[in-house]
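This report concerns only the one structure given below.
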Amino acid sequence: MKARAATASVRARGWGWVWVVLAVFPGWLPLPAAEVRMPSPSGNLTAVVRVEGGRAVWSLQRRDTVIIEPSPLGIRVSGADHGALVHTLREAGAGSVREVYPWRGGKAWATNHCQTYRLGLDAPAGAWALEARVFDDGFAYRYRVPGSGVRRVEAEASTWTLPAGGTAWVQTNTGDYEGAYHPVAVESFPREERTEQGRREVHLGPPVTVKLKEGGYVLVSEAGLFNYSGMSLRSTGDRRLRAVFEDDPGGFEVEGEVVSPWRVTLVVDDLNGLVNSDVIPGLCEPPDPALFPGGMRTAWIRPGRALITWCVFGNEGARWHLQKWFVDQCAALKCEYLLVDAGWRTERWGWLAGGGDVWARLRELCEYGRTRGVDIVVWHAYPEGRDDGPGLTRPEARRELMEKVAAAGAKGGKIDFFNSEKAEVIRVQGEMTRLAAERRLLINFHGAHKPTGEARTWPNEITREGIREQEYLLWDSLPLEHYSALPFTRLAAGHADFLPTYVRSRFLRNTTATFQMATAVLATSGFVCWPDHPDDYRASVFLGLVQAIPGVWDETRVLPGSEMGGVVGIARRSGSEWFVGVINGAADARSWSAGLEFLGEGAFTATRYRDEAPHPAGVRVEVDEAMTAGNRVTAELRPGGGWVGWFRPRQVP
């Protein structure tokens, strides 16, 4: 009997139109299958699930090319391996989703278009379900194991078997995800490394991006990480990566039905498709309209830029007598926020000195900020026992912090030093995000794991760290290849508090001033934090850009010729203006050229910034009053060099 499809069209306030097609199977009893083939909406991708030797496995192909070879599936709950000795596989439901919703990042609107499938599997461990979604640019699945009471999730068999000959870009810090990305052959994924304490197993922190030998790219990560332990990846040899819970090696408890995060595989033809993929946020639930009546466009969620009292100032920047000066500097640089960073809740550096009341002083600062058009966000540590303030490991401390921050008139908090993705920590972050949302506060997690689409469900997560960012320039440099890999690895998964654009020579390290300015185009964040001294920004040739450049965009294009580990050029549109950032992450000098077709119709005033002697701080500024989509721009880029373009519609008298 053929399924009859029910179609619904819904318009949610502030979310745009949503089309959902759900298959209905009246009177239909699903029959066991040798395999289930699951095509994407256009047929570009096809996922296959079958049983081989009693083990459930999956594979994925793009058109006629195998992208993921047969790879194990399964989850072990309280000693029961639900992927082993599977004797029945059946398709238990199918449908489709098509929706367009507001987004914040590289584009103003995101699209969620996929075929949905639910597979039923029977094994001696019990019946369970595999939910799958197949997009034209990706495939995702998750486990659902019915049950009640408290049970322990011990492991997953989730594995990716990659095709031979590919080059993977990986990082191996799974504590705070601040490892440097570097290339390895898929045949040579690291499995152990030497340390001062001896040999240790190597785990990869997603996302992992693979450039395929036959063309195209694969990105492996997870989506919808809530109430579960974070996934890292462990090489098992033979080009295989397996999901593991490094921070919960003995497993973790879940009450009721076990629902895993989505195991995600993006498959795209080019880097532009990778940067513009909406798969990861699309797998997450939409925001609660009771908390977010306008969805991502909810009025109290305001993206913006900020100065930081830490970075080049250290904890000394938290001293009370400097705070209103910082607010004035924010106003001069047209920053919407001031981030009061580490040290403010102490007597040694902060506002307790001289018998001060931190909450009365925060209220005073917020009131002063409002007169200057600057809102306040405050930093706080999660662990106990630090010298820069109390911790937040107790639920009552977390609630008290949110209540006092809101009562003082501040707009959010930056919570730092989680350094784990244990299930317990993931639950704490979820609790804090809800507490913040209930009080109309923004949240920024530092010392945290990779993003998995959380901002779709919780738009008040304005940014997060989980990246080796430019804090490191305070004492060291970042590898150039890391910079040029980030847009297609970590940044492809979501927003990042990258700390773009140092301007003082001592912090340029192995980059030029123009390269540094370009990083503000390459990274996206709803909360852009400028790390350098405000006096240096005000004296810089980049002042106009610092005052104008947003952290979230309406449209993004990866320019032709971009490559991981080499030259990367990205054009982003905000309203009618375009900003172009180009960096050379290669070890040798490169020539770069690009057409301006993305400009569309009309003439533009083009302000171009390029490297010039004396290096690395020298910058040449060129202005052309009539550039169009038919023009090209070029640059000669030294290693660590950059180029920036700012294109504004020409004003006709």
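The values are calculated or read from the model by the stated rules, or taken from the named source; none is laboratory data. No experiment lies behind these values; they were computed from the predicted model shown. In this analysis, Cβ positions are derived from the backbone assuming ideal geometry, glycine residues included, and neighbour counts consider all displayed protein chains. We work out accessible area using only protein heavy atoms, side chains counted, and drop any ligands, DNA or RNA first. Shrake-Rupley method; radii C 1.70, N 1.55, O 1.52, S 1.80 Å.
Laid out as a table, the results:
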read-out	value
Probe 1.4 Å, accessible area per residue of the chain, Å²	37 Å²
No Cys partner within the rule (Cβ under 4.7 Å), the chain	C114, C284, C311, C366, C529
For G304, distant residues with modelled amide H under 5 Å away	F527, V528
Dipole magnitude of the chain, debye to nearest 20 (Cβ charges: Lys/Arg +1, Asp/Glu -1, about Cα centre)	1100 debye
Against the rule of thumb 2.2 N^0.38 Å, how large the Cα Rg of region 252-342 comes out	1.68
5 angstrom amide H check on L442, placed H, neighbours 5+ away	G412, G413
Cα gyration tensor shape for region 115-258, rounded if a/c is under 1.5, else prolate or oblate	oblate
Order by protection proxy (mean Cβ within 10 Å, highest first), peptides 579-591, 441-453	441-453, 579-591
Amide H partners (placed H, <5 Å) of V619, local residues excluded	E612
Three-way shape label, region 542-653, alpha-carbon gyration tensor, a/c 1.5	prolate
Three principal axis lengths of region 429-552 [C-alpha, angstrom, descending]	42, 30, 23
Region 46-181 shape via C-alpha gyration tensor axes, a/c threshold 1.5	rounded
Using distinct alpha-carbon pairs, which all enter the 1/r mean, Kirkwood radius of region 361-466 in Å	14.1 Å
Alpha carbon centroid spacing (whole Å) that separates region 170-245 from region 450-478	18 Å
Derived scalar couplings ³J(HN,Hα) [region 627-636; Karplus, 6.51 cos²θ - 1.76 cosθ + 1.60; whole Hz; x for Gly, Pro]	8, 10, 5, x, 7, 10, 10, 9, 7, 9
Relative contact order (%) - criterion: Cα under 8 Å, at least six apart; region: the chain	11 percent
Long-range tail of P(r) for region 60-138 (Cα pairs > 14 Å, %)	72 percent
Estimated FRET transfer efficiency (L322, E214; beta-carbon r; R0 41 Å; 0.05)	0.10
Separation of alpha-carbon centers, region 266-286 and region 616-653, rounded to whole Å	30 Å
The chain, Rg to Rh (Cα coordinates; Rh as Kirkwood inverse mean 1/r)	0.97
Centroid-to-centroid separation of region 572-589 and region 356-416 [C-alpha atoms, Å]	36 Å
Relative contact order (%) - region 521-589, alpha-carbon pairs under 8 angstrom, separation at least six	28 percent
Per principal axis, descending, Cα span of region 432-498 in whole Å	41, 25, 14
Using θ = phi - 60° and Karplus 6.51 cos²θ - 1.76 cosθ + 1.60, couplings along region 601-610 (whole Hz; Gly, Pro as x)	7, x, 9, 10, 7, 10, 9, 10, 10, 9
Residue-by-residue Karplus 3J(HN,Hα) for region 448-458, coefficients 6.51, -1.76, 1.60, Hz, glycine and proline x	10, 7, 5, x, 10, x, 3, 5, 5, 7, 10
The chain - percent of accessible surface contributed by carbon and sulfur, probe 1.4 Å	49 percent
Rg over Rh, two decimals, region 225-376 (C-alpha only, Kirkwood Rh)	1.11
Packing-based ranking, highest mean first, of 484-495, 537-548, 277-288 given that Cβ atoms within 10 Å are counted	484-495, 277-288, 537-548
